[in-house]
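The values are calculated or read from the model by the stated rules, or taken from the named source; none is laboratory data. Predicted model only: the values in this text are computed from it and were never measured. Neighbour counts run over all protein chains shown; Cβ positions are idealised from the backbone, glycine included. Accessible surface is based on the protein model in full, side chains and every heavy atom, while ligands, DNA and RNA are left aside. Shrake-Rupley method; radii C 1.70, N 1.55, O 1.52, S 1.80 Å.
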Amino acid sequence: MNTEFIKADDSNGIDRAALILKNGGLVAIPTETVYGLAADALNGEAVAKIFKAKGRPMDNPLIVHISRFDEIYRLVREVPEKAKALAEKYWPGPMTIILPKSDIIPKEVSAGLDTVAIRMPSHPTAKALIEKSGCPLAAPSANTSGLPSPTTAKHVLDDMNGKIDAIVDGGECAVGIESTVVTLATNPSRLLRPGGITHEQLCDVLGEVEIDKAVLAQLEAGVKPSSPGMKYKHYAPKAEVSIIKGSLPEYLCYIDAVHEDGDMALCFDTDKDKINIPYLTFGSENHPEEQANKLFSALREFDEMGAKRVFVRAPSSDGVGLGVYNRLLRSAAFRVINAPKIFGLTGQTGAGKTTVAKHLEQKNYFIIDGDILAREIVEKGSPVLKKLADTFGNDILDENENLIRSALAEKAFSCEENRQKLNSITHPAITEKALRIIKENFDKNYKGFIIDAAAIFDSKLADYCDKMIVVLADYETRKKRIIARDGIDENTADLRINAQPNDQYYIDRADILVRNYGEFTIDSELKSL
Ligand code: TXA
Ligand code: MG
């Protein structure tokens, strides 16, 4: 079949599309939510062709689209006051109402149920086609069943070319996810599918509205869904999608720890500069309408980019976000991963980081000791040690080619430039090692990971820390402690302490400040971890 491509502003084209619909053909039409694959809702044979073109299971009923409220009267058995109130407030728009059906609804539309779904779209082209064809239009989303719904005419063409009579191109859909579906056939009314009209908006009109269990959870095997569409695989690109819950640092850490070739990220606009793998964005974190608008397009684009796995930064499920989260859950086949909680632990040398680390270890945090990592990466024969010797001279090595730490420290802490050289060689290796440890211990039920490292703020590890715990103590206490601990003389102790930033530097960067003057006390913020 040749699929005609018609622009929405081509009035002759619109007339032809209306005629195709009137004569029992299939036309993909723009609506404000997603593109619909339309046929005359009262012509069972025409409607059956929709199922064939989409590969849609026959037991999944369709939405009937109308352009004027009074058309509803012949489609349903009775129009309750609640339906009138909803329509008054939210029609035309992204909301579908389910009511007991009248006898003129063909069995193909209702898929054997005794109810029918009705919507009045606000898109001018959809409205014009309903009016010109003179038919209420049955229209599911115009995608191949199981794929993300189409939000541009190109998406429709990708799925439906050669399978339907025409596609009307009305540009990009404004809402981007399908309509809110609410049934008035239950008491209380129930939200079956969240969308552009929020649960709160429904409650404003109806009072109590239940949220169907299937909105945010996978149905157990054998449970009959209130809406047949909920049991099918949905919105899924070829890639394996996972939703990653956590702050931006935790999300980054998860990705950097696990990623392989072919992995991509779906993140918020503001995250993108920090993502180290190919990514697409889906709007800003606090703007669910924007996320809805971009979601399906992005899911389709990942296929074109050849993504094997997609890690999605979990959006909030408030307001329109409930619709976004509901679609994402299904595209991810309900794979939701809690990114590990990661805190940085730092402070001046001798301030008492180790004491704090021990306290957190007792609370089931996994401690990653930066000092140990720093030692391991410079083991005999390691590439890092070789680079250090090339940079600072072979006299940092003893006769067995082992590092003489004091020799390195003397050189590296002698001036700022050398300190930076040291960091640029050791930090990447330490980061990689820390990530490997986190990855190996993801699933071991730790409350979180603590990266205990002195110079964490100038290392990449800081990007992974959701909060920074900083331990401070007065100069004399620290000096006494490091002399006793490291067996160094006063001069060396002064040098080391003075090579570190001052109190204010740490205070400015701390989320949780532990003042370890004299005796160690656990303050309430630390207690809450
Ligand atoms: O925004 C939309 O609603 C788009 C545009 C084209 O209007 N249409 C759309 O249709 O998303 P579709 O078929 O992809 O999704 C309709 C959903 C399905 O989950 C279906 O199971 C449910 O509505 N549904 C339809 N009639 C129903 C009924 N009588 N009872 C329960 N659920 C019903
Ligand atoms: Mg659909």
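Show that you can apply the helix-only estimate: for the chain, add -39,500 (n - 2.57) for every DSSP H stretch of four or more residues, divide by all residues, and state [θ] at 222 nm to the nearest 500.
Mean residue ellipticity, 222 nm, calculated: -11000 deg cm²/dmol.
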Query raised in the report: Cross-link partners among lysines for LYS107, C-alpha distance below 23 Å, same-chain residues fewer than 8 apart left out?
Result: LYS22, LYS49, LYS52, LYS54, LYS163, LYS224, LYS231
**Report entry** Inter-site label distance for PHE442 and ARG68 at 7 Å from Cα along Cβ, in nm
**Finding:** 5.8
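If you take every DSSP beta bridge whose two residues both sit in the chain, what share of them, in percent to the nearest 5, is antiparallel?
25
Only Cα pairs under 8 Å and at least 6 apart count here; give the relative contact order of the range 342-525 as a rounded whole percent.
Relative contact order of the range 342-525: 38 percent.
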Query - Whole-Hz ³J(HN,Hα) from phi, Karplus 6.51 cos²θ - 1.76 cosθ + 1.60, for the range 63-77, glycine and proline x - result: 8, 9, 9, 10, 10, 9, 4, 5, 5, 5, 4, 7, 8, 10, 5
Query raised in the report: Summing Lys, Arg as +1 and Asp, Glu as -1, what charge do residues with Cβ under 15 Å from the Cβ of GLU45 carry, GLU45 excluded?
Result: +1
Query raised in the report: Hey, what's the chain come to in accessible area per residue, 1.4 Å probe, Å²?
Result: 45
Query raised in the report: Can you list residues whose amide H is under 5 Å from GLU4's amide H, if they're 5+ apart or on another chain and H is modeled 1.01 Å from N?
Result: ALA166, ILE167
Query - Other-chain or far-sequence residues with amide H under 5 Å of LYS341's (modelled H) - result: PHE449
Query raised in the report: Across the chain, how large is the tail of the calculated P(r) beyond 41 Å, expressed as a percent of all Cα pairs?
Result: 40
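Loop only per DSSP, at most 16 neighbouring Cβ atoms within 10 Å: give me the chymotrypsin sites (Phe, Trp or Tyr not before Pro) in the range 210-316, ordered by residue number.
Passing both the DSSP loop test and the Cβ count: TYR232.
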Query raised in the report: Counting Lys +1, Arg +1, Asp -1, Glu -1, what net charge surrounds ALA138 among other residues with beta carbon under 10 Å of its beta carbon?
Result: -2
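Can you give me the Kirkwood hydrodynamic radius for the range 261-351, using every pair of distinct Cα atoms, in Å to one decimal? Intermediate results must be reported in sequence, preceding the final value.
Values: mean 1/r = 0.0692 Å⁻¹.
After inverting the pairwise mean of 1/r, the radius is 14.4 Å.
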Query raised in the report: Based on the Cβ-Cβ distance of ASP15 and GLU260, what FRET efficiency does E = 1/(1 + (r/R0)^6) give at R0 = 41 Å, to the nearest 0.05?
Result: 0.20
Query - From the C-alpha gyration tensor of the range 439-529, square roots of 5λ in Å - result: 27, 16, 14
**Report entry** Compactness of the range 297-417, expressed as Rg and Dmax over alpha-carbon positions, Å
**Finding:** 23.7, 68
Report task. Can you quote the Å³ per residue value for the convex hull of the Cα atoms in the range 147-217, rounded to an integer? Result -> 129
Query raised in the report: Could you give the length gained on full extension between ALA221 and GLU304, defined as 0.36 nm per residue of separation minus the Cα-Cα distance, in nm?
Result: 26.5 nm
**Report entry** GLY36 long-range amide H proximity, modeled H, under 5 Å
**Finding:** ILE29, THR31, ALA142
Requested in this report: Take the solvent-accessible surface of the protein heavy atoms, probe 1.4 Å, and return the percent of it on the chain that carbon and sulfur atoms account for.
Outcome: 48
Requested in this report: Treating the Cα atoms of the range 342-525 as identical point scatterers in vacuum, please give the log10 of the normalised Debye intensity I(q)/I(0) at q = 0.11, 0.12, 0.13, 0.20 Å⁻¹, two decimals.
Outcome: -0.50, -0.60, -0.71, -1.50
Query raised in the report: Counting alpha carbon pairs within less than 8 Å and at least 6 residues apart, what relative contact order, in whole percent, applies to the range 240-338?
Result: 41
Report summary line: Cβ-Cβ cut-off under 10 Å around PHE457, Lys and Arg +1, Asp and Glu -1: the net charge is -1
Requested in this report: Give the distance, in whole Å, between the Cα centre of the range 344-405 and the Cα centre of the range 183-238.
Outcome: 54
Report task. Work out from phi, with θ = phi - 60° and the Karplus expression 6.51 cos²θ - 1.76 cosθ + 1.60, the ³J(HN,Hα) of each residue of the range 396-401, listed in order in whole Hz, and give x for Gly and Pro. Result -> 8, 10, 8, 5, 9, 6
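How do 125-132, 385-392, 400-407 rank on mean C-beta neighbours within 10 Å, highest first?
Ranked by mean Cβ neighbours within 10 Å, highest first: 125-132, 385-392, 400-407.
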Query - the chain - charge dipole about Cα centre, Lys and Arg +1 at Cβ, Asp and Glu -1, debye rounded to 20 - result: 1400
Requested in this report: Would you work out which of ASN445, ALA257, CYS203 lies farthest towards the positive end of the dipole of the chain, given +1 charges on the beta-carbon of Lys and Arg and -1 on that of Asp and Glu, about the Cα centre?
Outcome: CYS203
